[in-house]
Amino acid sequence: MRVVSLAPAATEILFSLGLGHRVAAVTDHCDYPPEAANKERVGPFARPDTEMITALRPDLVVTGGKMHTGTEATLAAAGITIYRFFPGSVAELLTAMEELGELCAAGETGRSIIGGLRRRVGEIEERAAARQKTAVLFLMGEPPLTTPGPASCQYDALRLAGAGPVPFPESDAFVRLTWERLEDCDPAVILAC
């Protein structure tokens, strides 16, 4: 099986499940694990080269959500199987990992890794339930300021870990912020990546 991964998180997951040998190509933004650097590049995350992807004759292309809708349509029209990777919660992330593992034949190794992650998430959630919540804001990327919103896996991970993610009226996966709005959030902790 030949897989092209357009989503950095999916690339990391494929390698973590022991499927790196199945990854034929990745985007320029897929920089982890270090072995991903040895894979063919199909352009930037936001605008992958569909002609290049089609020429690679992949069995599966893993996309990164709504921003790849046009890419998905083009590749599907070429007869390529698409898996949309865009989990909105930690539970959805673990399910997506299971689905990718099944699609790519990760076997018992993949199931064991995911089972271990499920147990670990349960342990973290149990310990976090006893702690006082701290208002946390997680800033992502470069300007404009963006934070994971309530419909994102990152927001859910903060909640599971015992943080009190800053609430937003938007139900989006990602929320744009101004400096004024950031100040109004009044977080006790700001995480940034």
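Derivation of every value follows stated rules applied to the coordinates shown; laboratory data play no part. Only a predicted model underlies this, so the values are computations on that prediction, with no experimental measurement involved. As a convention, Cβ positions derive from the backbone with ideal geometry for all residues, glycine included, and neighbour counts pool all protein chains shown.
Can you order the peptides 50-63, 160-173 by their average number of other Cβ atoms within 10 Å per residue, highest first?
Details: 50-63: 18.4, 160-173: 15.9.
The packing order, highest mean first, is 50-63, 160-173.
To the nearest 20 debye, what charge dipole does the chain have about its Cα centre, counting +1 at the Cβ of each Lys and Arg and -1 at the Cβ of each Asp and Glu? Please report the intermediate quantities before stating the final value.
Numbers: 18 positive and 25 negative charges, 69 e Å.
Charge dipole of the chain: 340 debye, to the nearest 20.
With equal scatterers on the alpha carbons only and no solvent term, can you work out the Debye log10 of I(q)/I(0) for the stretch 103-179 at 0.13, 0.19, 0.21 1/Å?
Ignoring solvent entirely, the Cα scatterers give -0.54, -0.85, -0.92.
Placing +1 on the Cβ of each Lys and Arg and -1 on the Cβ of each Asp and Glu in the chain, which of Ala96, Pro187, Met67 has its Cα farthest towards the positive end of the resulting dipole?
Ala96
For the stretch 3-107, what size does the Cα cloud have along each of its three principal axes, sorted from largest down, in whole Å?
Extents along the principal axes: 32, 27, 22 Å.
Give me the dipole magnitude in Debye, nearest 20, for the stretch 134-192 about the Cα centre, with unit charges on the beta carbon: positive for Lys and Arg, negative for Asp and Glu.
Working: 3 positive and 8 negative charges, 35 e Å.
Its charge dipole is roughly 160 debye.
So how do Tyr155, Tyr32, Tyr83 line up by other beta-carbon neighbours within 10 Å, fewest first?
Numbers: Tyr155 26, Tyr32 13, Tyr83 18.
Exposure proxy ranking, most exposed first: Tyr32, Tyr83, Tyr155.
What are the DSSP H helices in the chain that stretch 24 Å or more along their long axis, judged by alpha-carbon atoms, and whose average Kyte-Doolittle hydropathy comes to at least -1.0? All intermediate terms of the calculation are to be shown ahead of the outcome.
On the way: long enough: 107-129 (33 Å, -0.65).
Helices passing the filter in the chain: 107-129.
Semi-axes, largest first, in whole Å: what does sqrt of 5 times each Cα gyration tensor eigenvalue give for the chain? It would help to have the intermediate numbers written out before the result.
Details: eigenvalues 196, 92, 34 Å².
They are 31, 21, 13 Å, listed largest first.
Can you give me the Cα centroid spacing of the stretch 122-139 and the stretch 1-45 in angstrom?
For the stretch 122-139 versus the stretch 1-45, the Cα centre distance is 31 Å.
Tell me what the chain gives for mean residue ellipticity at 222 nm when only DSSP H runs of n ≥ 4 count, each as -39,500 (n - 2.57), the sum divided by the residue total, rounded to 500 deg cm²/dmol. Mind showing how you got there, number by number?
Working: 7 runs with 76 residues, N = 193.
Rounded to the nearest 500, the figure is -12000 deg cm²/dmol.
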